[in-house]
Amino acid sequence: MGQTTTPHLVGERVKVRNERIALQIQREASDVIHQHVKDPGIGFVTVTGAEISSDATHAKIFVSVMGSAEEKQASLIALERAKGFIRSEIGRRIRLRITPELHFKLDESMDYSVKIGRVLSEIMPVQDKGERGDG
């Protein structure tokens with residue numbers, strides 16, 4: 001008799017494969033942006049993550065950008081201009097049957113954590129370096 005596979009296991013394999021592809025896309029996109037894209041509009045950009053659709057035709061690439069809101073927007077516009085080049089480089093390096101369409105998204109988590117840190121430092125009492133809290 002032939003080997004049967006439950007749909008759950010097939011779905012799990014696809015999920016794991018897509019996670020591996022997303023991680024590779026993240027690495028390659030970061031390398032291409034930092035080493036090969038020469039657009040001066042791209043500021044200090046860090047690729048923080050990637051997600052791939054279940055059919056692997058679309059990939060969201062999350063980026064963190066240091067700077068003002070205007071600098072962040074300018075970097076996203078520059079990434080959109082370079083999207084075709086970045087996609088072709090990723091396709092050449094990873095060699096997928098279909099290279100996913102790229103969608104750049106601003107990752108606000110770093111800004112959020114900095115904001116939380118500021119709020120916590122404002123509400124927490126400041127201790128002198130020589131003072132110890134253990135009494």
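Since every read-out is calculated from the coordinates, none of them should be taken as a lab result. Bear in mind the structure is a predicted one, so any value in this text is a computation, not a measurement. We place every Cβ from the backbone using ideal geometry, glycine too, and count neighbours over all the protein chains shown.
How high is the FRET efficiency between Ile98 and His36 when r is their beta carbon distance and R₀ equals 22 Å, given to the nearest 0.05? Plugging the Cβ-Cβ distance into 1/(1 + (r/R0)^6) gives 0.50. Taking the square roots of five times each eigenvalue of the Cα gyration tensor of segment 7-123, the equivalent ellipsoid has semi-axes of 28, 21, 10 Å, listed largest first. For Phe62, the residues whose amide H sits under 5 Å from its own are Thr48, Gly49, Ala50, Glu51, Lys105, ignoring neighbours fewer than 5 places away on the same chain, with H placed 1.01 Å from N. Label positions at Ser53 and Glu122, each projected 7 Å from the Cα along the C-beta direction, are separated by 4.2 nm. Placing a label point 7 Å from the Cα of Ser109 along the Cα-to-Cβ line, the residues of segment 13-53 whose backbone N sits under 13 Å from it are 47-51. Residue by residue, segment 65-70 carries 3J(HN,Hα) couplings of 10, 7, x, 6, 4, 5 Hz when phi is fed to the Karplus relation 6.51 cos²θ - 1.76 cosθ + 1.60 (θ = phi - 60°); x denotes Gly or Pro. Here the Karplus relation 6.51 cos²θ - 1.76 cosθ + 1.60, evaluated at θ = phi - 60°, turns the backbone of segment 100-108 into coupling constants of x, 5, 8, 9, 8, 10, 6, 8, 8 Hz, with x for every Gly and Pro. Close amide H pairs (under 5 Å, H built 1.01 Å from N) link Gly43 with Ser75, residues at least 5 positions away or on another chain. The packing ranking, built from the mean of other Cβ atoms within 10 Å per residue, places the peptides 100-108, 31-39, 12-20 in the order 100-108, 31-39, 12-20, highest first. The label point for Gln24 and the one for Ser88, both projected 7 Å from the Cα toward the Cβ, are 2.1 nm apart.
For segment 21-33, backbone phi angles converted through the Karplus equation (6.51, -1.76, 1.60; θ = phi - 60°) give residue-by-residue couplings of 5, 4, 5, 5, 4, 4, 4, 5, 4, 4, 5, 4, 4 Hz, Gly and Pro being listed as x.
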